[in-house]
Amino acid sequence: MTCDEAEILLHALIDGELDAGNTRAVEDHIAGCPRCAAQLRDYREMSKMIAGADVRYKAPLELRRRIEASLPQQAQVPSRRAVLRGFAMGSAVSALAATGLVAIVLRSDDEARIQSEVVSAHLRSLQAGHLTDVISTDQHTVKPWFNGKLDVAPPVVDLTAQGFTLIGGRLDYVDARPIGAIVYRRRAHVINLFVAQTASTERRAAKTETLQGFNIRRWSDRGLNYWAVSDLAADELAEFGEKFETAMRSGTAG
Amino acid sequence: MPVKAANDDPEKARRFRDAALPHLDDAYTLARYLLRDPVDAEDAVQECYLRALKHFDSYRGPAMKPWLFAILRNVCRAEFARRASTPTAPIDDVPEEAEQTPLWHDAQQTPEAQMLRRWDSTTIRRLVAALAEPFRETFVLREIHDLSYREIAEIVGAPVGTVMSRLARARAMLRSAWMAEEEHAK
């Protein structure tokens with residue numbers, strides 16, 4: 001490899017965008033070329049210093065207000081009559097649900113609503129500086145933390161070796177119930193893995209959907225429902241799901 | 001507000017708010033680096049959010065941040081066009097031929113053992129803002145917003161190979177400026 005080629009490719013190396021073959025070729029070149037090695041060292045150092053510096057800007061409050069004001073306002077508080085009507089409807093629905101008929105009809109609707117709640121929970125976790133209740137890269141610390149907080153013990157799998165760093169766990173609320181969230185990181189992307197109990201023990205294969213720009217990978221196994229939510233690309237989130245399921249099957253969960 | 005009539009759906013507004021507002025600081029940061037002016041940046045971000053809301057119904061991905069950035073970039077380019085047509089405003093640097101010329105090699109004169117000095121945030125912001133376009137844009141999307149090459153390529157509408165060579169040039173220019181700053185500081 002020539003210096004001209006290495007000068008371009010070493011950036012892909014720094015940014016983790018290079019495949020194994022080219023990585024090897026660039027590293028071989030750098031081992032024998034002090035000039036390219038110095039560049040690589042400096043660029044890495046620069047990236048690190050920029051990442052550690054305060055180079056972002058905070059949007060002025062006035063701008064936030066202006067944008068908020070330009071959005072259509074939230075729905076009005078429902079009137080007493082509407083609340084009563086809703087209540088009556090609710091009772092009728094519960095009565096029907098007891099027969100088990102409505103449950104099937106409502107299922108796809110429910111699914112969509114829970115998915116939207118899961119995305120909202122993911123967003124909240126990023127916004128409020130409340131990503132984790134327990135911070136640990138050790139699965140044997142994260143798992144016991146959930147004890148007594150949930151009616152189900154969410155499996156905690158360490159996938160650091162597979163490129164997904166475990167950073168902790170959190171108690172969240174979805175579908176008006178407490179739910180366990182296990183938090184992973186891939187580069188700068190956060191993955192929230194929500195785990196909830198389900199009555200059905202049948203295995204449902206994973207499927208991926210996109211909502212509000214987030215990818216959601218959803219699957220069920222051994223009486224648990226899983227939703228992995230992230231702004232990671234769909235293929236990388238699929239990789240996460242597969243690694244997780246593989247680890248579960250081989251019994252390495254903590 | 002002309003777009004408002006078409007968007008009078010509170011539920012949609014709520015979803016849009018949840019999805020788009022968390023990226024406000026990111027959008028403002030990008031606008032500050034692209035336009036290098038706080039007032040223009042505010043206007044551009046507001047316009048970006050109005051356009052995004054208008055198109056939110058048809059939005060199916062990519063991730064929200066790159067989607068907003070692509071809109072914001074178009075808004076900023078319109079602002080460049082406006083500046084260019086205003087004789088009193090400074091015309092921005094867009095050295096198209098700079099992409100054709102080989103990478104700068106001037107940094108090679110410095111001793112290989114010499115380590116880069118750590119600059120304060122204000123200096124780093126100034127050095128990054130001084131990079132010429134289109135290198136600055138690519139650099140900011142990569143180093144400050146941590147987007148992948150593919151995401152950057154989609155935002156700027158260029159092949160991944162172009163993104164890579166722009167990034168190479170941006171880092172080479174920044175490294176030179178970084179070292180030159182040391183000369184000033186002496």
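A:Leu166 sits with roughly 0 Å² accessible to a 1.4 Å probe, with DNA, RNA and ligands left out of the calculation. Based on Cα contacts under 8 Å between residues 6+ apart, segment A:154-252 shows a relative contact order of 21 percent.
Protein heavy-atom surface of segment A:116-254, 1.4 angstrom probe: 50% of the accessible area is carbon and sulfur, with nucleic acids and ligands not counted.
For a straight C-alpha distance cut-off of 13 angstrom, the aspartates and glutamates reachable from A:Lys243 (same-chain residues fewer than eight places away being disregarded) are A:Asp158, A:Asp235.
Taking every protein chain into account, the 1.4 Å probe leaves B:Glu11 with about 90 Å² of accessible area, to the nearest ten. Counting only heavy atoms of the protein chains and using a 1.4 Å probe, A:Met248 has close to 30 Å² of accessible surface. State, to one decimal in nm, how far the label point of A:His130 lies from the label point of A:Arg222, with both points 7 Å from Cα in the Cβ direction. So the label points at A:His130 and A:Arg222 sit 3.1 nm apart. Taking 7 Å steps out from each Cα toward its Cβ at B:Arg118 and A:Ala161 produces label points 3.5 nm apart.
The values are calculated or read from the model by the stated rules, or taken from the named source; none is laboratory data. All values reported here derive from a predicted model rather than from experimental measurement. So basically every Cβ, Gly included, is an ideal-geometry build from the backbone, and we count neighbours across all protein chains shown. Surface accessibility is based on the protein's heavy atoms, side chains included, excluding ligands, DNA and RNA. Shrake-Rupley method; radii C 1.70, N 1.55, O 1.52, S 1.80 Å.
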